[in-house]
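Take a look at the structure below.
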Amino acid sequence: MSLKSHIAREVIHDAVSRNVDNIMDRAISIPEDVPKIISLLGPRRAGKTSVCLQLIKKLRKTIPSDRLLYINFEDDRFFPPQLEDMDTLLQTYYSIFPENKTQKVYFFFDEVQEIPYWEKFVRRLMDQENCRIYLTGSSSKLLSREIATTLRGRTLSFEIFPLSFGEYLSFNQLSFNPNSSSGKSFLQNNFEKYFWQGGFPELIYLPERLHLPTINEYINLMLYRDLTERYGVRNPQLLKYLMKYSLTNLANPLSVNKTFNDLKSQGYKVSKNTIYEYLSYLEEAFILYRATRWSTSIRQEAINPIKLYGVDQGFKYAMTGRRDEGRVLENMVYMGLRRNAFEPKYLLLEQEVDFFIEDKFLVNVCYDLDDFDTKKREFDGLNEAMRFTDQKASFLVTMYEEGEEKLENGTVHIVPARNFLLDVQGYVGAFD
């Protein structure tokens, strides 16, 4: 049964009168008026809907609310969802607001994948109406590679991540003087909370005892709804084990051969192709991200071992029960670089450098520098890398230490993670 006209009217009136004043702002810039369909992609519960509502809140300052239409297709009033529902909404909207037929209208379609063949309607809408369109959807059914295909070059995609450290402070409404000793202590204390809690927005409003159960619920939804159902995974326990294995070995070079042998020793009947497939599923659902080893050869880069990172540091402890502070800190720096539109690779010479952005900068991550051998290894790796890349400065991100070290081939800037993650672009720009 298709959507009734009176229900469509109710949905539309609810949308244009929705209060968005209490929506917390994210530190993300989404285009407001480009002739492209804007797709917001990312993991579950990272805040894609809130980013839509944030944009509506901003646009309402200059555009009447009746020209900003937000529709969530998971609304039970659309059940069972059908393609003609979208046209019913459009025709009903213009019957309520006929004067807007000649005005630019902004359509926000949330969980659009719930409508079969939604892309046919969206393409027609973009081609025939004076409008701007924003889409969000489940990471299982609205993947960037599919968006590019189904919308045939009409779209720009933006990744929405869990909260950055700066957003975490903003959502908690925390203010401080960063130059005072008390302000620095306050900042470090809250960074340590963020370090273990992670950045999923919902956790800010939940008591701490519910954080781990909530993250585990996210993981189960991603694994069993987003991936197992979508791909028809025959062995979901293997998929979950592979995710746990990847998070246990976070930031370590991953060899498929070694992973294959480890899985076989656990009694799993698995092929190497299945491992490749399952890892790609975990990446497509925005659960895991990869860093390849830098090489001048694209082919060599493709066959070198990869390093895997989780979309949020909270995943590792939730799945493995292991703290492993050094790997967690490295994961946070990786995601900080990703949030700022960098695609980090790792560099392996005589020593390994954690992150290398070609022609830009080098970063090592070390939880603390108390151990002499550890400190020497970090500096030797950066010194060699600065010579190899002909860069005169690099970063060593730590949990607490701050300063600089002048080496033979350049200067290492030692930066506390709390500062680095608050201003990645500022640090990078200073030595670009």
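The values are calculated or read from the model by the stated rules, or taken from the named source; none is laboratory data. Just so you know, these numbers come straight off a predicted model, no measurement behind them. When we count neighbours, we look across all protein chains shown, and the Cβ atoms used for this are built from the backbone with ideal geometry, even at glycine.
Looking across segment 25-77 at every residue that is farther than 17 Å from Tyr93 by Cα and touching a Pro at 6+ places or on another chain (Cβ under 8 Å), the one that is modelled with the lowest pLDDT is identified as Pro43.
In segment 110-126, of all residues being among the acidic types (Asp, Glu) and in a helix (DSSP H, G or I), the one that is farthest from the chain's Cα centre (by Cα) corresponds to Glu119. Residues of segment 205-222 that are over 19 Å from Arg322 (Cβ atoms) and in contact (Cβ under 8 Å) with a residue 40 or more places away in the chain: Leu221, Met222.
Per-residue answers, yes or no, for (1) within 30 Å of Leu40 (Cβ to Cβ); (2) at pLDDT 95 or above:
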{"site": "Asp324", "(1), (2)": "no, no"}
{"site": "Glu330", "(1), (2)": "yes, yes"}
{"site": "Cys366", "(1), (2)": "no, yes"}
{"site": "Leu369", "(1), (2)": "no, yes"}
{"site": "Glu384", "(1), (2)": "no, yes"}
{"site": "Phe395", "(1), (2)": "no, yes"}
{"site": "Glu408", "(1), (2)": "no, yes"}
{"site": "Gln425", "(1), (2)": "yes, no"}
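With respect to Glu84, is the statement that it is touching a Ser or Thr at 6+ places or on another chain (Cβ under 8 Å), surrounded by fewer than 20 Cβ atoms within 10 Å (Cβ to Cβ) and within 30 Å of Arg230 (Cα to Cα) true? Spelling it out, Glu84 is indeed touching a Ser or Thr at 6+ places or on another chain (Cβ under 8 Å), surrounded by fewer than 20 Cβ atoms within 10 Å (Cβ to Cβ) and within 30 Å of Arg230 (Cα to Cα).
Residue count for segment 87-109, restricted to those that are under 31 Å from the mean Cα position of the chain (by Cα) and surrounded by fewer than 21 Cβ atoms within 10 Å (Cβ to Cβ): 2. Within segment 181-196, the set of residues being surrounded by 11 or more Cβ atoms within 10 Å (Cβ to Cβ) and either within 20 Å of Ile23 (Cβ to Cβ) or small (Gly, Ala, Ser) (or both) comprises Gly183, Ser185. Mind checking which residues of segment 111-128 are surrounded by 21 or more Cβ atoms within 10 Å (Cβ to Cβ) and in contact with a Lys or Arg (Cβ under 8 Å, 6 or more places away or on another chain)? Scanning segment 111-128 gives a single hit, Gln113. Put simply, of Tyr317, Tyr289, Tyr276 the only residue that is outside any loop (DSSP other than H, G, I, E, B), of a type outside the set (S, T, N, Q), farther than 29 Å from Arg26 by Cα and in the same structural domain as Val233 (by TED's automatic domain parsing) is Tyr276.
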